[in-house]
Every structure is written in C-alpha cells, then in structure tokens.
Amino acid sequence: MTLTEPAPAKLNLALHVRRRREDGYHELETLFAFVADGDTVTLSEGEGFEVDGPFASELAGKGDNLVTRAAERFAEAFDVEARGRITLTKRLPVASGLGGGSADAAATLRLLARRHGIALADPRLFACADALGSDVPACLYSRTAIGRGRGERLEPVEGAPGMPVLLVNPGVAVSTAEVFRRWDGIDRGALGASDLLATARAGRNDLEPPARAIAPVIGDVLALLAAQPGVALVRMSGSGATCFALFDKPAARGAAAAAVRAGHPGWWRLETALS
Ligand code: C5P
C-alpha cells in the first residue's frame, strides 16, 4: 500500500517580531497561509529514505533531514516500529521562507498518523510537531491561522481560498537563525484584527530588513512584484528569500509571472493559489 501526503508551501502574510526570549527564540505574531502546491511525501513498502524532484540535490547528504526526524519522533511517541520507505519529492527551494522542511516533517507525521489510525487532533501528534520546529505545528494543520509564541500557538482564521499567488525566489538560501539574530530588537507593534487581507496589508514582515541586509536581491524581487498590475499584496515570506504577490485575478498573476521570467529567467517562480 502506498500513501501520499501533500506538503504545501507556507506563507507568512505578515510576520511581526515582538521580542527576543530568554530561550533564544523570538515571540511572534504571524498570519500563516498555505498554497495549493508544494512538496509531497510518500510512504511505500520497503525500507529507507530517498529524495527526488527538482530540488533534491540541495538536500543531498543531509542525514539530519526533518522527514527522518519526524518519522523517528512518531515511532517513539506512539510506540510503533518505524517501518516503510519514505520518498520526499522536493519541489520547493530549500531554506527559502516557505517552510518546506517544516511542511515535509508535518506531512510525514500526517502520513504515519493515517497509516497507524491516529487522529490529526491527537495531542501527541501536535507535541511531535512542536518538538520538530516552530513552523511544524502550523504545517501539521495547513490552515490559515494566526500563530503566536514561537509560532506554535495557533488560532484558525478565515482564509481566502483560491486567491491567485505568485511565488518568486532569486536563488539565494538564507539562514533563518541568522536573519533572526540580525533583527534590531525594536517592537513595531501587534498584528491587527481585521479580515485576512486587511490584516495582512496593515501588517509587515519584520524579518525583511535583516534578510535584505544579507541578500539585497530580495529588494529587487519585491520592487519587481510591486510594479505588476493587479497586485493586491507583495511581501517576503518567513525569513526569506522567497517573496510573494497576491492578485485578484489569475490573468494578472500570469502576466506578472511572464514579466518575472522575461526580466530574470534564473529566478524560481511558482504560479499557485491560496488554499
Ligand atoms: O524552530 P526552528 O528550528 O524552525 O527555528 C530555526 C531558528 O530560527 C531557531 O534556531 C531560531 O534561531 C530562529 N527562530 C527564532 N524565533 C522563532 C522561530 C525561529 O528565533 N519564533
């Protein structure tokens, strides 16, 4: 029996960093959203772990993969044998602010929960996700939500399913830990409490300035996206370097993607939609 789980890309429609904590993490208020596309994780007969897909080579040789760690945690938490062959199909750029590794880990947990008849709402599953990384709980449910704390305290909010999105990554990997380290420590205020788009538009990504200091090309991506007709919101996601634009109409997304391709054929693009 083969089971497959999608590992959709995560976006931070807004990401407010409020304070540095004693434990080295940062207290956040973020608006998580998910798109229709991403990696996939497949469980089949046999043993072992393999990676395929367009970004497989970027993970090559990384034994400490979040997928294998998720499988180990699951086996421990639920006292089951970690059996089966896991295949990760890597379509999202690595270290790119799209929560790819977190989504892969979350998809692995969902996959094993299905295989072993564990409910998605089982608190032990959440505990596994929480231990694997700050974005993994949000990715476990893959629902539009406000995240507080490290990002693990989740409050579901109404999404905007189907809204056209264009993702663009200029091909530079950015270290999340380093971007957080360079945050200037200034609290610029809370996330608002309006509908999704209004809250996102009134918000910001406080990690954008430190990420741009490391990878100035992020500024070029944001400027190009902001110049596109029909754009409803442009922002960097997570700690970068992927930026996204939301559009009211698919045609505007298509035209923007063509403009990005024409100007920067080497930049990665994904035309997708909010889920
Ligand atoms: O939780 P995760 O391992 O994904 O986080 C990666 C790094 O990002 C952490 O080691 C930390 O440096 C930083 N981080 C943070 N505050 C958060 C989330 C992540 O400082 N809320």
Item to complete: Go through the stretch 18-33 residue by residue and tally those that are assigned to a strand (DSSP E or B) and either more than 8 Å from the ligand (Cβ to nearest atom) or touching a helix residue (DSSP H, G or I) at 6+ places or on another chain (Cβ under 7 Å) (or both).
Response: 8
Worksheet item: Has the stretch 233-252 got at least one residue that is open to solvent by 10 Å² or more (accessible area, probe 1.4 Å) and in contact with an Asp or Glu (Cβ under 7 Å, 6 or more places away or on another chain)?
Response: no
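Filter the stretch 151-179 down to residues that are within 14 Å of the ligand (Cβ to nearest atom) and open to solvent by less than 40 Å² (accessible area, probe 1.4 Å) and give me whichever is nearest to residue 271 (Cα to Cα).
174
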Item to complete: Could you please find all residues in the stretch 180-192 being over 12 Å from residue 213 (Cα atoms), in contact with a helix residue (DSSP H, G or I) (Cβ under 7 Å, 6 or more places away or on another chain) and either among the small types (Gly, Ala, Ser) or open to solvent by 80 Å² or more (accessible area, probe 1.4 Å) (or both)?
Response: 192
Response to the item:
Restricting attention to the stretch 140-150, the residues that are open to solvent by 40 Å² or more (accessible area, probe 1.4 Å) and within 13 Å of the ligand (Cβ to nearest atom) number exactly 1
Item to complete: Report, by residue number, each residue of the stretch 20-54 that is surrounded by 18 or more Cβ atoms within 10 Å (Cβ to Cβ) and farther than 25 Å from residue 147 by Cβ.
Response: 42, 43, 51
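The values are calculated or read from the model by the stated rules, or taken from the named source; none is laboratory data. Model, not experiment: these values are computed from the prediction. Here Cβ is always computed from backbone atoms with ideal geometry, including for glycine, and neighbour counts include all displayed protein chains. Side chains included, ligands, DNA and RNA excluded: accessible areas come from the protein's heavy atoms. Shrake-Rupley method; radii C 1.70, N 1.55, O 1.52, S 1.80 Å.
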